[in-house]
Amino acid sequence: METAPKPGRDVPPKKDSPQAKRKKPRRYWEEEVTPAAAPAGPPRKKARAREPRPPRSKGVRGAPKSHFGRKPQAPKNASDRKKPRRTLSGAQDPFPGPAPAPAEVARKFCRIDKSKKLPHSKPKTRTKLETAEAQEEEASVRAARAELLLAEEPGFLEGEDGEDTAKILQTDIVEAVDIASAAKHFDLNLRQFGPYRLNYSRTGRHLALGGRRGHVAALNWVTKKLMCEINVMEAVRDIHFLHSETLLAVAQNRWLYIYDNQGIELHCIRRCDRVTRLEFLPFHFLLATASETGFLTYLDVSVGKIVTALNARAGRLSVMAQNPYNAVIHLGHSNGTVSLWSPAVKEPLAKTLCHRGAVRAVAVDPTGTYMATSGLDHQLKIFDLRGTFQPLSARTLPQGAGHLAFSQRGLLVAGMGDVVNIWAGPGKASPPSLEQPYLTHRLSGHVHGLQFCPFEDVLGVGHSGGMTSMLVPGSAEPNFDGLENNPYRSRKQRQEWEVKALLEKVPAELICLDPRALAEVDVVTLEQQKKERIERLGYDPDAKAAFQPKAKQKGRSSTASLVKRKKKVMDQEHRDKVRQSLEEQEEQQQQQQQRQKQKTAKPTRARPSALDRFVR
Amino acid sequence: MHATKAAKGLLALSQQEELVDLPTNYPLSASEDEGDGDGERKHQKLLEAIGSLSGKNRWKSAERSEASLKVSEFNVSSEGSGEKLALSDLLEPVKPSSSLTAVKKQLSRVKAKKTLDLPLNKGEVERIHREVAFSKTSQILSKWDSVVQKNREAEQLVFPLEKEPASFAPIEQVFLDWKARTPLEQEVFNLLHKNKQPVTDPLLTPVEKASLRAMSLEEAKIRRAELQRARALQSYYEARARRMKKIKSKKYHKIVKKGKAKKAIKDFEQLRKVDPNAALEELEKIEKARMMERMSLKHQNSGKWAKSKAIMAKYDLEARQAMQEQLAKNKELTQKLQVVSESEEEGGAEEEEALVPDVVNEAQMNAGGPNPWMLRTCNRDAQEDEVQANSNELPEPVAHEFSENEGNEKPEAEEDVLLKEFEERRSLRKRSKLNQDAKPVGGQETKDSATKEVLSELKALSQKLSKDNRLSKKPKESPAKTVLLVQEEEPAPEEDEPLLLQRPERVQTLEELEELGKEDCLPNKELPGAAVEGGEQVRRNPQEELKGKKKEKMISLQKLLTTRTPSVTSVAVPTTVEEQEDEVERDQKQMIKEAFAGDDVIKEFLKEKRETIQANKPKDLDLTLPGWGEWGGMDLKPSAKKRRRFLIKAPEGPPRKDRNLPNVIINEKRNIHAAAHQVRVLPYPFTHHQQFERTIQNPIGSTWNTQRAFQKLTAPKVVTKAGHIIKPIKAEDVGYQSSPRSDLSVMQSNPKRRSKHQKQLKKRRAQ
């Protein structure tokens, strides 16, 4: 989880917004600022837009150092406390002991599931387990310390006086932020070639646009440099970047085409025909295509072979999303269900009934915890994907949402007609609360494609009037992993990354609902093998040998006494077992009692009375 | 046991040998034996005769029962007598003789011994030896057990094994051992000791320490000011020098040169006074220069330039002057040195003094001590006046700096105050945030006035505001609730229980959150499917509800999908008019209902789920044979009893994951492709798969770990250094002090080996 924050190079340090709420303490090297010299601009009625933070602008705001409190943690042993290390010159180490690591951050990096109780283990096994735990702890502490390097903070938007942020217009935000960020809000007026689909590359620097009437363009949207622009003279249904910005997959009317960044047609894949939606699984190098014919096809772009073509048996497929956590493809169907697919299994991994009408849009949040669906019944629902697939919240929209997308930090956007609504949750790991929209924006045409730009607080909306790049403060992850997705990478770095990514390619058959299943033992096969071995040998080699009493002298080894001793041991074992089971029962009972107490505690407030029957 | 036996056997053998030797020591003559024999027999006969006289022994006839054929001097027969002949009797002479006592004793000793055991056969003996050797060797080798154990458990082994590097000796010890030998070293040491430069731990002189202790903040500031001033001066001089160097005016340079020459002469004079020898050397140098000048044609107006000038000299005044200058120079250089008078010298020195500012001189004066900076602090008081005096004289920038430094104390105090204020404000802001005041605490207002009164006022204000806010919110809430109630009355009875609990007001403050928690305690939220208005029902018959809950924990799909959700207010479509909202919504609902009236999605889904469950269930095996043991035919079916008897029920599989989730079908099929990548054999020390799973759950890749952690996690178990010989481990390496040959001693004691070895030696000798 080590990230390499890039120091800002060519963007000037961001100024604080006009009405800074906190005053920075004056440093001794700074000149004293007389209060009279404070910026005394005209008091603005509303200026609350803290700008969307681009990752590379080095904020003047202090990094969250509160995690790493200045006070050194109390050293554990007394010897540490007694003797702070003295250097040769007699100076003392002001911060003795190892650098403190915040426990709650370290807990985030602990991956061993300690919830299950282990069976009794032998000393040798125990040492192995202990070393594993020690390793985990050390690694997590190191990772927690490395969190210090994630210096960037996400942007935010705050209403003044409890003002509704949804009423803040884009123009207001653009006014409040610095020039570099303001330049990220723009409109492309492309009315000629119909509604646009769009896709950002994984680094967030490049943008691909595909107009319904054949207009395909790829550009570096930050510098506004056009890479290529062609008209394929055919309907374009969807457009998607492959692993890097050099390759572009375009779902055209008939077949799937692949272009390079010059707009040169590299491949025409005729096995994927009438494709409606495209998704790219970056770690597996798979291009998933959903077609009108009802097939979900996985194309391995690293070798150019079709991995599987799955028949969804649900008619035309036009709603697709991928779960970034486990690379499972979610398909929305016309019967209100959402099915989850993996290339390794011919049937859906799971199927959920989400809406009464057809599903119009599906989106999964980057942590793979929540799924947002919208249907023809004008409802927008958020489902919990952690095993239960139950709706957490739902909302009826006046016009149902036709497009949904999650941002890196869990903001949900829905495109309804020509209006875009964005909802935000209270925290990063929480689902967006659908009560109050965070931002709204009205476009010049009907929404046709939505995507949040990675690592930039920007939402790209493709619509019938062209394309709009909106500023959504706090949508993107402020810290990027330079080894994974480096927005500032050079050509050489990209090539290096490509090789590494290909070497680390995950096999397609490993896609399953729980990606951590690979760290589990194949219990079925294990048991089967054990059974077969016992059958082959005629006895169980691992079974505990029956108690054999020792031979004793002086006539104490008589048959009767042997039997007696055997029986004694057996009884002891039996007693232990019974005791254990009794204890477990007691525990269960106690738990139940507690539960009941909790239950009974509730009705005590409204005690049923005899007169209740007359209550109407 | 065997060993002791063997030892006994050996002992017995040796004693036997002794016995064998015995007869040679004491030879007995045959003739003596002969003489005794006749007398004996007679005596015997006599005894017999006497014995027969008594009646008791009458049955013992004197008759011989057996003929003794052999009568020889070597054979002793005891016929006729009832007694047994003892060996000692043979030796016993008639008269006791002293010479035979030793023999008799030996004999008795031999007699006391029982018969000897057979010596152990060779194989047995060898086995015993082997056993002894094994036990000894294993005992010796057991000392390695801990080492082996340690090495096996070690996370990493580095070969060749290295001893722990000797711990770093403290520097004072190193110094104590070291002595100055060469004169240079001694000189350095003298210098160090003169200044009491400590060689041991804190590398500060007592003076330095004292100064460190004495130095307070102000002093440090003064020191810094001085430093800055000195630096400023230095840079000023440097700049001046540079500037002067760049001057191209010949005249100027001439003046400078003259000045230099003058100075050199003065120096020389001074030197002559102070150190005549050095002055002589200097003089020689000057002499030499003069000689060189005289030798060379440099200023003789004989060069190319001079010649050209000579042509021009007639008409050009400048050229003439230049030539004259050259000649003058030549003259000057070739001139012999003259002694300058004393009075002149002193005047010059004073002039020079005036040129250089005071500060520089002062620094030079102070430079005599060991450490000028430290010295200064010690006699700071004395010099303070000077410094101030200097500051008055100094050029402007330096003086300004100094004054700033003096005033430094005040700003710092101010800074403290500001910091405090800042912290207070931050805490205040936090509180105000809790109270959901988006209103900023006027940062600029408090900036100036650091007084606490203002702060307290602000606090009060913020609290008031929060209260007001809450008050203003309450009325807002109430209409919303009423609206909700109105809405709740409307829907059809089948749709009256929304699954999800949503409140029209967003939870904004902590207090509200707490209230929420309280509300949670209320019974109206017991069921996940229970609605807000469902609470009333619950209150009516809570017991029934409880029972029902126990019975079906399953959430009804109908409820789940027909959730009544609050619709979006004006924000989604900012332009629409709010009043129409309800009507529009109702219309939409109606429309949706009509639209989806035909296809019952839920029923279809449930049917599909049932089918999949059935398909995945293990099938029962029916072994009934119709017509077997009873009448068969077209319409006849085997009896229920028979069918029951021949039906083999399949074992029930594990419960389905989606048994309590009505809206979900989870595929229970095993992913065999993924399973191929899973571990299917438990490695050695683990007995349960959960134990092993714990050890592999922590990822070790660099993607999930920091670089250092990754390196540590993936460190190889054994590391060998290239180009190094890996020697076998020695006892000394692991801290044992035993002799290296101790483990070989047993091997040498092996007799068989020894004998073989001896045999080989013998063979060699023979050859």
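The values are calculated or read from the model by the stated rules, or taken from the named source; none is laboratory data. Here the structure is a predicted model, which means the values were calculated and not measured. We place every Cβ from the backbone using ideal geometry, glycine too, and count neighbours over all the protein chains shown.
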Any idea which residue in the stretch A:138-158 is nearest to the chain's Cα centre (by Cα), counting only those that are part of a helix (DSSP H, G or I) and of a type in the set (D, E, K, R)?
-> A:Glu147
From the options A:Glu435, A:Glu456, A:Glu477, residue that is farther than 26 Å from A:His215 by Cβ and away from every other protein chain (no Cβ under 14 Å) = A:Glu477
Output the number of the condition that A:Ser374 fails; it satisfies all remaining conditions of (1) more than 21 Å from A:Leu281 (Cβ to Cβ); (2) surrounded by fewer than 23 Cβ atoms within 10 Å (Cβ to Cβ).
-> (2)
Consider A:Ala166 carefully, then state whether it is in contact with a Phe, Trp or Tyr (Cβ under 8 Å, 6 or more places away or on another chain) and either of a type outside the set (D, E, K, R) or on the phi < 0 side of the Ramachandran plot (or both).
-> yes
Within the stretch B:691-702, can you find the residues that are more than 16 Å from A:Leu518 (Cβ to Cβ) and at the interface with chain A (Cβ under 7 Å from one of its Cβ atoms)?
-> B:Gln691
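Table: residues versus (1) hydrophobic (A, V, I, L, M, F, W, C); (2) over 23 Å from A:Gln528 (Cα atoms).
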{"residue": "B:Lys617", "(1), (2)": "no, no"}
{"residue": "B:Leu621", "(1), (2)": "yes, no"}
{"residue": "B:Trp628", "(1), (2)": "yes, yes"}
{"residue": "B:Lys641", "(1), (2)": "no, yes"}
{"residue": "B:Asn667", "(1), (2)": "no, no"}
{"residue": "B:Ala675", "(1), (2)": "yes, no"}
{"residue": "B:Gln678", "(1), (2)": "no, no"}
{"residue": "B:His688", "(1), (2)": "no, no"}
Taking strands (runs of 3 or more DSSP E) that do not extend beyond the stretch A:195-267, which have at least 2 residues that are modelled with pLDDT of 95 or more and among the hydroxyl-bearing types (Ser, Thr, Tyr)?
-> A:196-200, A:255-260
Within the stretch A:204-235, track down each residue that is among the polar types (S, T, N, Q) and surrounded by 18 or more Cβ atoms within 10 Å (Cβ to Cβ).
-> none
When you scan the stretch A:103-137, how many residues do you find that are buried (at least 18 other Cβ atoms within 10 Å of the Cβ), assigned to a helix (DSSP H, G or I) and within 7 Å of chain B (Cβ to nearest Cβ)?
-> 6
Check whether at least one residue in the stretch B:231-248 is exposed (fewer than 12 other Cβ atoms within 10 Å of the Cβ) and not in a helix (DSSP H, G or I), and report yes or no.
-> yes
Could you run through the stretch A:187-224 and say how many residues are touching a residue at least 60 places away in the same chain (Cβ under 8 Å) and on the phi > 0 side of the Ramachandran plot?
-> 2
Given (1) in contact with a Ser or Thr (Cβ under 7 Å, 6 or more places away or on another chain); (2) over 30 Å from A:Arg213 (Cβ atoms); (3) not in a loop (DSSP other than H, G, I, E, B), where does A:Val461 come up short, assuming only one miss?
-> (2)
Check the stretch A:511-531 and report whether any residue there is exposed (fewer than 11 other Cβ atoms within 10 Å of the Cβ) and without any contact (Cβ under 8 Å) to a residue 12 or more places away in the chain.
-> no
Which numbered condition A:His185 fails, given (1) under 27 Å from A:Lys225 (Cα atoms); (2) within 14 Å of chain B (Cβ to nearest Cβ) | (2)
State which residue is nearest to A:Glu509 (Cα to Cα) when the search covers only the stretch B:659-671 and only residues that are more than 7 Å from chain A (Cβ to nearest Cβ) and surrounded by 13 or more Cβ atoms within 10 Å (Cβ to Cβ).
-> B:Glu668
Could we say that B:Arg656 is at the interface with chain A (Cβ under 7 Å from one of its Cβ atoms), of a type in the set (Lys, Arg) and surrounded by 14 or more Cβ atoms within 10 Å (Cβ to Cβ) here?
-> no
